[in-house]
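Enquirer: The structure under discussion is supplied below as structure tokens; questions concerning it will follow.
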Amino acid sequence: MKLRLQLVLVSLLALCLPWAGCTYIRDMETALRQGQQQALLSTARAVAMTINGRPALVNELADTGPQERATSTLYLHTTARHAIADGYPDEWRDVRDDFQNFDFPGSSGRVNFLAATNGTTAWLYFDVTDDTVRYHNPSQPGIANGDHIILSLIGDGTVQRYWLTPEAPGELSARSLLGDQIVTDSRIRGAWRDTDQGYQLELSLPATMIGDYLGFAVIDSSTPERWAGSTSPTGRPGRIIRDSAALASVLDLFTQDNLQLSVVDNQHWLRASSGSLVRHAPAPDSAPPGTWLLEALYRWIMDDPERTARYDTPRKGKLARPEITDALNGRIRTAWYAGDGQTGSAIVSAAFPLTGTETTGSTVIGAVVAEQTSNQVLSLTNAAMRRLLLITIVATLIIGFGLVAYASWLSFRIRRLGRNVRAVMAPDGHLSGDFPEQWGSDELGDLGRNFSELLGRIEEYTEYLRTLSAKLSHELRTPLAVVRSSLDNLEQQNSPKQPHEQSHEQMHSYLERARQGSVRLGHILNAMSAASRVEESITTADTEPVLLNDFLQGNVAGYRSAYPDQAIDLELPATALTIEGCPELLAQMLDKLMDNAADFCADNGRITFRLAAQGNDARITVSNDGPALPESMSAQLFDSMVSIRKARDDRPHLGLGLTIVKLVVDFHRGTVSAHNFENGGGVSFVIRLPMSGAMIAP
């Protein structure tokens with residue numbers, strides 16, 4: 001994967017900025033919604049205290065009136081419209097969910113009923129499912145002999161019943177019995193329409209006729225004993241629930257924009273309502289195109305499942321949401337619902353219980369419900385989200401562009417480094433030009449300088465390999481020439497012309513010279529394999545505690561015997577220094593340093609071994625009087641096949657001694673360096689080895 005693509009992928013981490021911002025906005029929105037919940041609870045509490053302070057309202061809410069066992073309560077909806085009782089359901093299509101349902105026993109027939117009033121006129125709507133519809137036959141006796149509906153009302157304390165008995169589809173009026181006479185009441189008028197499933201009946205009557213009680217029974221003439229409705233054909237009508245004008249006037253005192261207040265009784269019937277909800281958020285201000293998509297994405301990612309419950313409006317005259325049920329059980333509760341408007345809009349509902357007075361007892365008789373949409377909160381959070389998204393998108397683009405530009409610059413520098421390496425390095429290992437050393441002060445600059453050093457080392461090693469044959473041929477030429485010339489002379493000495501005594505002496509001389517040449521060849525081969533033998537021994541070497549004081553003292557004593565013409569000194573510390581090492585390898589290291597010091601030590605000069613502690617390291621110094629090291633050789637001194645000595649005997653010197661010293665020191669995790677004396681006239685080799693523990697007194 002290209003470096004540029006890698007940094008582009010890394011730049012995607014900048015997307016954490018919008019995520020963090022959206023999380024912050026969500027927390028802010030949560031805090032605002034909690035504040036809105038508390039405000040709604042305070043409003044609901046204030047309404048409840050106002051209602052509790054008016055006994056008449058409490059009694060009205062708690063009074064359900066007498067109720068027979070077989071009757072059902074009907075709800076009278078309040079509407080601002082004026083319907084036409086023509087038998088068609090056009091006015092009621094949007095409130096079909098509020099129909100109260102009554103089934104015919106033992107059949108699939110059903111009655112859907114709805115009652116509404118605008119305060120002056122009341123409308124009753126019946127949607128009846130019936131397989132066979134029979135109309136009233138006026139030639140037969142009785143007030144009703146076909147399918148009909150009986151309305152039950154209470155007027156002047158007595159039950160009044162009205163029969164709706166159409167003779168054919170169309171308009172009709174209600175009839176009642178006055179003694180034995182059938183009387184038509186023109187106040188109740190309507191229309192009967194046949195449908196595919198049965199028939200529809202729509203009535204209008206003065207609202208004052210209904211009072212507080214209403215009942216009906218739908219009679220199927222094919223089976224007269226089978227009926228469906230809120231009360232039996234001969235029973236007492238049940239109580240009708242309607243909005244309370246007195247309760248609504250109290251709610252009007254607290255209503256405001258985007259606030260809906262409701263009062264329900266302990267049976268969940270809606271008794272009063274005031275205000276309305278603003279279902280759509282205000283139009284956003286000048287937002288860039290496409291912002292709505294970002295807002296929708298934010299709402300989809302950040303929305304809370306608890307806020308997506310379905311919001312139920314009053315159905316069949318009842319409010320039965322969970323928070324209202326809890327309030328009727330005496331618990332204060334709030335709830336959030338998904339709004340049906342703009343994405344992210346929600347509806348918060350707060351329910352507060354209403355308790356009775358001394359007359360009604362201390363039981364819960366109802367609840368006050370305060371509802372409000374979160375449009376104001378939504379408007380604030382959407383505005384903040386738009387600003388945040390714009391800022392973070394710009395920041396992400398800037399970061400991405402910056403990273404791509406930086407990746408391009410970085411890849412350009414890397415490609416330039418690669419081109420320079422390819423241009424400098426020749427196929428045979430030589431450097432065909434100068435490698436630039438200025439690459440900057442960052443890590444890439446360090447890499448360029450490391451490449452420069454590496455190429456220099458490669459050049460040195462290549463030069464070493466190139467000159468190795470010349471060095472070996474130079475070292476091997478002389479002993480080989482000696483051996484060859486001695487053999488040639490021996491061959492000539494076999495001639496009978498030479499005297500016997502002289503031939504024997506010369507042959508002995510030639511053999512001695514051939515032996516010396518073979519010894520020199522052996523020295524060369526031993527020197528060439530010495531480093532490899534040390535490397536092999538290092539791989540299998542075992543370490544043990546080595547007391548350097550005793551170790552140096554024993555080795556220096558051996559050097560004094562082996563080099564009787566050299567003045568060798570030893571300086572030891574007052575404390576014992578111990579390291580973890582291999583005595584055999586350490587002895588080879590000291591042997592090479594002693595051999596090197598003996599070769600370079602001036603006549604009447606001294607060789608000094610010193611041991612001292614330096615921090616946590618043991619410091620071994622081997623010094624000798626003599627010529628100083630050339631400055632140009634300081635970096636190559638410990639490389640193999642590098643030698644600047646002038647031999648004092650016939651032994652060859654291939655420059656492998658200090659290489660062995662470096663291998664041993666590296667094995668012991670130490671360092672080695674060579675320094676000229678400050679005033680000239682000598683060289684010191686300093687070796688630092690880590691000690692294995694604290695110094696102990698000898």
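The values are calculated or read from the model by the stated rules, or taken from the named source; none is laboratory data. Keep in mind it's a predicted model, so treat the numbers as computed, not measured. Cβ coordinates were reconstructed from backbone atoms using ideal geometry, including for glycine residues, and neighbour counts include every protein chain displayed.
Enquirer: Filter the stretch 79-103 down to residues that are under 21 Å from ILE241 (Cβ atoms), in a loop (DSSP other than H, G, I, E, B) and in contact (Cβ under 8 Å) with a residue 60 or more places away in the chain, then give me how many there are.
Expert: 2
Enquirer: Here's something else I'd like to know. So which residues in the stretch 594-629 are among the polar types (S, T, N, Q) and touching a Phe, Trp or Tyr at 6+ places or on another chain (Cβ under 9 Å), if there are any at all?
Expert: If the condition is that a residue be among the polar types (S, T, N, Q) and touching a Phe, Trp or Tyr at 6+ places or on another chain (Cβ under 9 Å), then ASN596, THR621, SER623, ASN624 are the ones that fit.
Enquirer: Quick test for you: out of ILE149, ILE143, pick the one residue that is under 15 Å from ASP220 (Cα atoms) and surrounded by 19 or more Cβ atoms within 10 Å (Cβ to Cβ).
Expert: Result: ILE149 is the single residue among ILE149, ILE143 that is under 15 Å from ASP220 (Cα atoms) and surrounded by 19 or more Cβ atoms within 10 Å (Cβ to Cβ).
Enquirer: Right, another one. Give the residue, chosen from SER186, SER173, that is of a type in the set (S, T, N, Q), surrounded by 15 or more Cβ atoms within 10 Å (Cβ to Cβ) and within 25 Å of ASP90 (Cβ to Cβ).
Expert: Of SER186, SER173, the one residue that is of a type in the set (S, T, N, Q), surrounded by 15 or more Cβ atoms within 10 Å (Cβ to Cβ) and within 25 Å of ASP90 (Cβ to Cβ) is SER173.
Enquirer: Find the residue count for the stretch 241-269, including only residues that are more than 19 Å from GLN38 (Cα to Cα) and assigned to a loop (DSSP other than H, G, I, E, B).
Expert: 6
Enquirer: Got a sec? Which of GLY179, GLY235, GLY198 is loosely packed, with under 13 Cβ neighbours inside 10 Å, of a type outside the set (Ser, Thr, Tyr) and farther than 11 Å from ILE149 by Cβ?
Expert: GLY179
Enquirer: Related question: Search the stretch 147-159 for residues that are outside the structural domain of SER176 (by TED's automatic domain parsing) and of a type in the set (A, V, I, L, M) and pair each with any residue that is crowded, with 18+ Cβ neighbours inside 10 Å and outside any strand (DSSP E or B) when their beta-carbon atoms are under 9 Å apart and the residues are at least 6 apart or on different chains.
Expert: Listed pairs, sorted by first residue: none to list.
Enquirer: Taking the stretch 558-589 as the region of interest, how many residues are at pLDDT 90 or above and under 15 Å from ILE607 (Cβ atoms)?
Expert: Residues in the stretch 558-589 being at pLDDT 90 or above and under 15 Å from ILE607 (Cβ atoms): 5 in total.
Enquirer: Let me ask another. Which count do you get for residues in the stretch 562-599 that are part of a helix (DSSP H, G or I), surrounded by fewer than 21 Cβ atoms within 10 Å (Cβ to Cβ) and of a type in the set (A, V, I, L, M, F, W, C)?
Expert: Summing the residues that are part of a helix (DSSP H, G or I), surrounded by fewer than 21 Cβ atoms within 10 Å (Cβ to Cβ) and of a type in the set (A, V, I, L, M, F, W, C) in the stretch 562-599 gives 4.
Enquirer: Do we find a residue being exposed (fewer than 14 other Cβ atoms within 10 Å of the Cβ) and under 30 Å from PHE126 (Cβ atoms) anywhere in the stretch 39-46? Give the derivation first.
Expert: Of the residues in the stretch 39-46, the ones exposed (fewer than 14 other Cβ atoms within 10 Å of the Cβ) are 42.
With the extra rule that they be under 30 Å from PHE126 (Cβ atoms), the set shrinks to none.
No - not one qualifying residue is present in the stretch 39-46.
Enquirer: For the stretch 324-335, enumerate the residues that are closer than 21 Å to ASP98 by Cα and buried (at least 16 other Cβ atoms within 10 Å of the Cβ).
Expert: Within the stretch 324-335, ILE324 is the sole residue that qualifies.
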